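Beneath this line is the structure, given in structure tokens, with notes to follow.
The values are calculated or read from the model by the stated rules, or taken from the named source; none is laboratory data. In this text the structure is predicted, and so the values were computed from the model without any measurement. Please note: Cβ atoms are built from the backbone with ideal geometry, for glycine as well, and neighbour counts cover all protein chains shown.
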Amino acid sequence: MTSAATSSRYGNLTIGLHWLIAILIVAVYLLIELRELYPKGSDPREAMKTWHFMLGLSIFILAWLRLFVNIRATRPAIVPTPPVWQKISAGAVHGLLYLLLLGLPLAGWLILSAAGKPIPFFGLELPPLIGENKELAKTIKEIHETGGTIGYYLIGLHTAAALFHHYLVRDNTLRRMLPLLK
């Protein structure tokens, strides 16, 4: 396994960030869905909300790092070359995924800020981004939840496209991003 990108696969840093972010996304979605099993105000529910926020903010940081790495990294070619419409759709989906990876955690931070709640981050308390405004917090929360729902579809589309390319088209789209391959 090489640390830099090759003509057939991404570099280890890009691959590692991709899969770490994917795992964190699963955790964030699970936490916010599973919190519903507990009554409002209960310790487990509040813990899940806190972890949802902290892991979401971790995604925010890692997404910026991944974006920076991707701008500088070499992209291995897809073989055989896909049609132009697939390249355009892949670019659009990736762009929307980055928008969500950056926008949803930022919205979460804004929600807590506007709600006047503490903003935890692994033992630290982050500063509020805006002043307290309960109505604005509700509005941002609605946007955040809608973005989260859109995220389900985009992640599903991204995953389905990777599997489509791997099993039906039989190109190297998925293999370029799989860890532990030579």
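Just a few scattered comments:
- Residues of the range 18-40 that are part of a helix (DSSP H, G or I) and either among the basic types (K, R) or in contact with a Ser or Thr (Cβ under 7 Å, 6 or more places away or on another chain) (or both): L24, R35.
- Options I15, I71, I78: the member that is in contact (Cβ under 8 Å) with a residue 24 or more places away in the chain and assigned to a helix (DSSP H, G or I): I15
- Counted residues, the range 54-86 - those being over 13 Å from L17 (Cα atoms), among the basic types (K, R) and either in contact with a helix residue (DSSP H, G or I) (Cβ under 7 Å, 6 or more places away or on another chain) or modelled with pLDDT of 95 or more (or both): 0
This table checks each residue for (1) more than 29 Å from N12 (Cα to Cα); (2) within 20 Å of the chain's Cα centre (by Cα); (3) surrounded by 12 or more Cβ atoms within 10 Å (Cβ to Cβ).
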site	(1), (2), (3)
P83	no, no, no
Y98	no, yes, yes
G108	yes, yes, yes
P120	yes, yes, yes
K134	yes, no, no
H165	no, no, yes
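- Filter pass, R72 being under 29 Å from L168 (Cα atoms), more than 17 Å from the chain's Cα centre (by Cα) and of a type in the set (D, E, K, R): no
- Single residue of the range 167-181 satisfying the filter (touching a residue at least 40 places away in the same chain (Cβ under 8 Å) and surrounded by 14 or more Cβ atoms within 10 Å (Cβ to Cβ)) that is farthest from A90 (Cα to Cα): L178
- On inspection, G156 fails the criterion of being in a helix (DSSP H, G or I) and surrounded by 15 or more Cβ atoms within 10 Å (Cβ to Cβ).
- Residue under evaluation W51, criteria (1) modelled with pLDDT of 95 or more; (2) surrounded by fewer than 13 Cβ atoms within 10 Å (Cβ to Cβ); (3) more than 14 Å from the chain's Cα centre (by Cα), criterion not met: (2)
- Checklist (1) in contact (Cβ under 8 Å) with a residue 40 or more places away in the chain; (2) touching a Pro at 6+ places or on another chain (Cβ under 8 Å) applied to R45, failing item: (1)
- Per-region count, the range 81-106, residues assigned to a helix (DSSP H, G or I) and more than 18 Å from L154 (Cα to Cα): 2
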